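*Asks:* My questions will all concern the structure given below.
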Amino acid sequence: MTTSAATSSDAGRAVASGGARDFIDLSDHDSAYLRHLLALTASLKSGEISGRPLEGRTLAMIFRKSSTRTRVSTEVGMAQLGGHALMIADRDSQMGRGESVRDTALVLSRYVDAILIRTFAQDEVVELAREASVPVINGLTDRLHPCQVMADLYTAAEEFGDDFGRLRVAWIGDGNNMAHSWLNAASRLGFSLRLACPPGYGPDAGILARARAAGDVAMVDSPAEAAQDALVVTTDVWASMGQEDEQAAREQAFAGYRVDEAVMARAHPSAIFLHCLPAHRGEEVTAKVIDGPRSRVFDEAENRLHVIKAILLDLMS
Ligand code: CP
Ligand code: NVA
C-alpha cells in the first residue's frame with residue numbers, strides 16, 4: 001500500500017479474557033485498527049520499519065492442518081523481526097494425542113510470547129485465546145482465514161489505493177472460510193462485495209446477515225453477475241482441507257463456478273485476479289486466468305509475509 005504512514009493506535013484491538021490482544025476474527029476489530037495494520041504492513045514492506053524489534057521473543061505455531069504459505073511466512077517473518085518461531089505439529093505434540101486446549105494454552109503461555117494456530121474448529125481458537133495469557137493469531141480455521149484476507153486487502157490496495165469505499169470485489173465459488181473473512185472485511189471497511197456460490201454452498205447465514213447489514217454486500221445468481229465491473233475477482237478451491245471426501249460431489253455442484261476468461265471479461269478492464277493458493281487449475285480457475293496478466297497471486301502470497309510481520313509486531317511489541 002502506498003498511502004498513510006503507520007500510526008500507533010489502540011482503537012479496535014480485541015482483548016480476550018486472558019488479557020492479551022488477539023487476531024482471530026476480522027469482525028473483532030474496527031476499520032481504524034485494520035487500516036493501522038495495513039499501514040504497518042506498508043512500512044515493513046518498504047523498509048521504513050526495519051531492525052530486530054522482536055529480539056528475544058518467541059512464537060509458538062500450532063498446525064493441525066497442512067500449510068506452506070502460513071507456516072513459512074510466519075517463521076520467516078519472526079526471523080526477520082529478530083525473534084524465533086517454533087513449529088508444533090499434531091503428529092509429534094501432546095495436543096495431537098488429546099491434551100486439552102486449556103492445558104496447552106496455560107503451558108505455552110509460560111514459555112512463549114504469542115501463539116499462532118491453524119486448526120479445524122473456530123471454537124478451539126476462541127478457547128485457546130481465552131485461556132492463554134499471550135496473544136493468539138488465527139492461522140485458518142474451517143470458518144475463517146483472517147490473515148489471508150488482510151494480505152488480499154493489502155494486495156488490492158497496492159493496485160487500487162486504500163480508499164476501500166471505491167473497491168468492488170467478486171467472490172466466486174464456495175461460501176467457505178475465505179468467503180467468511182471477505183464478508184467480515186467488507187462489513188468493517190465498507191467495500192462492495194458480490195458473491196456467487198452454488199446452491200447449498202453459500203456462506204454462513206449469520207456472517208452474511210451481519211455483513212449485509214453493515215455494507216454493500218449481496219449474493220447474486222451467477223459468476224458473471226458477481227464479476228460485473230469488479231476490480232478484484234477472487235475464488236478458492238472447491239473442497240477445502242477436511243472436505244476431501246466431498247470432492248466428487250463438489251466437482252458436480254461447482255462446475256459452473258469456474259473463473260475463466262469469460263468471467264474476467266465481465267470485470268473492470270483494470271481488474272485483478274486473486275487466489276489464496278493452493279489452486280487447482282482447471283477446477284475453480286483456468287490456467288489462462290491464474291497464470292495470465294491480471295493475476296496477482298504471487299504478489300498476494302508475498303504479501304502474506306509483510307502482513308504477518310505487521311500482525312506479529314503489533315501484538316508482540
Ligand atoms: N493461503 C494459505 O493459507 O496457504 P497455506 O495453506 O499454504 O498456508
Ligand atoms: N479454503 C481453503 C484455504 C486454504 C488456504 C482451505 O481451508 O483448505
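Taken together, the values in this text are just the output of simple stated rules run on the coordinates, not laboratory data. Keep in mind that what you see is a predicted model, and the values were worked out from it rather than measured. Reconstructed Cβ throughout: ideal geometry from the backbone, glycine too, with neighbour counts over all protein chains shown.
*Asks:* Quickly run through region 264-305 and pick out the residues that are among the hydrophobic types (A, V, I, L, M, F, W, C) and within 16 Å of ligand 1 (Cβ to nearest atom).
*Replies:* Once the filter is applied, which keeps residues that are among the hydrophobic types (A, V, I, L, M, F, W, C) and within 16 Å of ligand 1 (Cβ to nearest atom), region 264-305 yields 273, 274, 276, 277, 279, 285, 290, 297, 298, 301, 305.
*Asks:* Taking region 150-178, which residues are in a strand (DSSP E or B) and either free of Cβ contacts under 8 Å to residues at least 60 places away in the same chain or surrounded by fewer than 23 Cβ atoms within 10 Å (Cβ to Cβ) (or both)?
*Replies:* Within region 150-178, just 168 meets the criteria.
*Asks:* Okay, moving on. Run down 205, 218, 213 and say which single residue is within 20 Å of the chain's Cα centre (by Cα) and more than 18 Å from residue 289 (Cα to Cα).
*Replies:* The conditions single out 205.
*Asks:* With the requirement that a residue be part of a loop (DSSP other than H, G, I, E, B) and free of Cβ contacts under 8 Å to residues at least 60 places away in the same chain, what does region 179-225 give you?
*Replies:* Answer for region 179-225, where residues must be part of a loop (DSSP other than H, G, I, E, B) and free of Cβ contacts under 8 Å to residues at least 60 places away in the same chain: 191, 198, 199, 200, 201, 202, 203, 215, 216, 220, 221, 222.
*Asks:* Starting from region 59-73, take each residue that is farther than 17 Å from residue 119 by Cβ and list its partners that are more than 8 Å from ligand 1 (Cβ to nearest atom), counting only C-beta distances under 6 angstrom and pairs at least six apart or across chains.
*Replies:* 73/305; 73/308
*Asks:* Let me spell it out: the conditions are (1) buried (at least 16 other Cβ atoms within 10 Å of the Cβ); (2) under 20 Å from the mean Cα position of the chain (by Cα), and residue 227 meets all of them except one. Which number is the exception?
*Replies:* Looking at each condition in turn, residue 227 falls short on (2).
*Asks:* Can you tell which of 275, 280 is surrounded by 19 or more Cβ atoms within 10 Å (Cβ to Cβ) and on the phi < 0 side of the Ramachandran plot?
*Replies:* The unique qualifying residue is 275.
*Asks:* Would you point out which residue out of 136, 169 is more than 19 Å from residue 298 (Cα to Cα) and touching a Leu at 6+ places or on another chain (Cβ under 6 Å)?
*Replies:* Exactly one of 136, 169 is more than 19 Å from residue 298 (Cα to Cα) and touching a Leu at 6+ places or on another chain (Cβ under 6 Å), namely 136.
*Asks:* Enumerate the helices (runs of 4 or more DSSP H) found wholly within region 245-317, keeping only those where 3 or more residues are within 29 Å of residue 200 (Cβ to Cβ) and within 16 Å of ligand 2 (Cβ to nearest atom).
*Replies:* 247-253
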